[in-house]
Amino acid sequence: MSRAIALHLGFVALLFALQFVLPAYHHGILARVMVMAVFAMGYNLMFGYTGLLSLGHAMFFAAGMYGMGLALNLWGGGVAASFGLGVAAAFGLSVIVGLLALRTIGVAFMIVTLMFSQTVYLTILYFGAFTRGDEGFAIAQSLRQLAGLDLSAPATRYFAAWALFSVVLLGTLALVRSPRGRVLVAIRENEDRARMLGYDIWRHKLVVVVASGTVSGAAGAAYGLLFGYVGASFSQVPYSIFPLLWVLLGGAGTVLGPFIGTLFMFYLIDLSSSLTDAYMLVVGIALVLLTLFVPKGILGTLRERGVKWLP
């Protein structure tokens, strides 16, 4: 077994063990972090490994969340079927976005993804009779039951978040270590050279956009299901910036980087807000310092300075 595989399996095992020893408060935070880290890992596939900078990734998160929430809360679908519908909604949206947005490159690609995301947000508001607009809607505890398990219970919620996180983490690890993953890195580093080597660049980009959007949609569906709320705020611009920030902090193009960045930001905001009302100033200063002294993110810098085998 390689060191990279052993590290990631050990990390998954550590997170599983932590649910038995963490205090209730941190137990709940870590469950939320794992779900949002899945969102960041989906973003990392596009940005960190392929070099596609999206400013509209919140639309995939929202598609998964609303696909699941509407099916479960309004149409009475079961948990498994509703979750599957949420993932399918994100998959369908990512196919459409990929086919259209990949006709552009660079800044134009960023603008197109932002426009798509804003369209999704305005669509949610327009169909407020079903989506409840800005107010959103809660999902009753009685609906969040799977095979006799209450997904709103702290232990069950943590295990469900851990299971989703583990599948996506190990799936990402397998992808980036595969030949296809190497092609994605080649596209990021030098697209023209990868094209000269005979690779179908557009097809690889489309596949990664669809995979990224689907993973992010799974995170949105899981968030709504586990925490019982579906709201339009999750489709707004800040939720497109957050995964970019988390990935940059943890280390773009690293498998564990999105989790490290998400965990860091959650606790930085939590701790600073308990000390001062100007907690965003503290967060901003910390981010500036990290950008200056750890420009490649925490794990990216670690890999650069000696741990070359980190995927």
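The values are calculated or read from the model by the stated rules, or taken from the named source; none is laboratory data. It should be emphasised that the depicted structure is a prediction, and the values quoted were computed from it without experimental measurement. Cβ: placed from backbone, ideal geometry, glycine included. Neighbour counts: every protein chain shown.
For the stretch 74-133, give me every one of the helices (runs of 4 or more DSSP H) that falls completely inside it and has 3 or more residues that are at pLDDT 90 or above and within 20 Å of Tyr239 (Cα to Cα).
By residue number, 79-101, 106-126.
Looking at the stretch 64-84, can you tell me whether even one residue there is polar (S, T, N, Q) and under 23 Å from Leu248 (Cα atoms)? Looking for residues that are polar (S, T, N, Q) and under 23 Å from Leu248 (Cα atoms), one finds none in the stretch 64-84, hence no.
Figure legend. Inter-residue proximity from the stretch 135-157: first residues assigned to a loop (DSSP other than H, G, I, E, B), second residues at pLDDT below 90 and loosely packed, with under 14 Cβ neighbours inside 10 Å, beta-carbon distance below 6 Å, spacing 6+ or different chains. Indicated pairs: Ser152/Gln141.
Somewhere in the stretch 222-244, is a residue in a strand (DSSP E or B) and surrounded by fewer than 21 Cβ atoms within 10 Å (Cβ to Cβ)?
Kept after step one, since they are in a strand (DSSP E or B), are these residues of the stretch 222-244: 229-230.
Restricting the remaining residues to those that are surrounded by fewer than 21 Cβ atoms within 10 Å (Cβ to Cβ) gives 229.
Yes, there is a match, as at least one residue in the stretch 222-244 is in a strand (DSSP E or B) and surrounded by fewer than 21 Cβ atoms within 10 Å (Cβ to Cβ).
Could you say whether any residue in the stretch 110-129 is touching a Leu at 6+ places or on another chain (Cβ under 6 Å), surrounded by 13 or more Cβ atoms within 10 Å (Cβ to Cβ) and at positive phi? Walk me through how you get there before you give the answer.
To start, the set of residues in the stretch 110-129 that are touching a Leu at 6+ places or on another chain (Cβ under 6 Å) comprises 110, 113-114.
Filter once more, keeping what is surrounded by 13 or more Cβ atoms within 10 Å (Cβ to Cβ): 110, 113-114.
Okay, now just the ones that are also at positive phi, so none.
Within the stretch 110-129, none of the residues are touching a Leu at 6+ places or on another chain (Cβ under 6 Å), surrounded by 13 or more Cβ atoms within 10 Å (Cβ to Cβ) and at positive phi.
Filter the stretch 289-307 down to residues that are closer than 12 Å to Val247 by Cα and of a type in the set (Gly, Ala, Ser) and give me whichever is surrounded by the most Cβ atoms within 10 Å (Cβ to Cβ). Taking the candidates together, the pick is Gly297.
Go through the stretch 1-55 and give me each residue that's among the β-branched types (Val, Ile, Thr) and either surrounded by 17 or more Cβ atoms within 10 Å (Cβ to Cβ) or in a helix (DSSP H, G or I) (or both). Across the stretch 1-55, the qualifying residues are Ile5, Val12, Ile29, Val33, Val35, Val38, Thr50.
Yes/no matrix, rows are residues, columns are (1) under 24 Å from the mean Cα position of the chain (by Cα); (2) over 25 Å from Thr172 (Cα atoms); (3) in a helix (DSSP H, G or I):
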residue	(1), (2), (3)
Gly261	yes, no, yes
Leu281	no, yes, yes
Pro295	yes, no, no
Val307	no, no, no
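Applying the criterion of being closer than 30 Å to Pro179 by Cβ and polar (S, T, N, Q) to the residues of the stretch 10-56, the residue that is modelled with the highest pLDDT is Asn44. The lone criterion from (1) touching a Ser or Thr at 6+ places or on another chain (Cβ under 8 Å); (2) under 18 Å from Tyr229 (Cβ atoms) left unmet by Val112 is number (2). Evaluate the stretch 64-75: report whether one residue or more is without any contact (Cβ under 8 Å) to a residue 24 or more places away in the chain and surrounded by fewer than 14 Cβ atoms within 10 Å (Cβ to Cβ). Yes - at least one qualifying residue is present in the stretch 64-75.
Is the stretch 230-248 home to any residue that is under 14 Å from Lys296 (Cβ atoms) and in contact (Cβ under 8 Å) with a residue 12 or more places away in the chain? Yes, the stretch 230-248 contains a residue that is under 14 Å from Lys296 (Cβ atoms) and in contact (Cβ under 8 Å) with a residue 12 or more places away in the chain. With respect to the conditions (1) in a helix (DSSP H, G or I); (2) out of contact with any strand residue (DSSP E or B) (no Cβ under 9 Å at 6 or more places or on another chain), Tyr199 lacks only one, and its number is (1). In the stretch 273-288, the residue that is nearest to Leu244 (Cα to Cα) out of those that are of a type in the set (A, V, I, L, M) and surrounded by fewer than 12 Cβ atoms within 10 Å (Cβ to Cβ) is Val288. Taking the conditions (1) in contact with a helix residue (DSSP H, G or I) (Cβ under 6 Å, 6 or more places away or on another chain); (2) within 28 Å of Ala174 (Cβ to Cβ); (3) modelled with pLDDT of 90 or more; (4) of a type outside the set (Lys, Arg) in turn, Ser235 satisfies each one other than (2).
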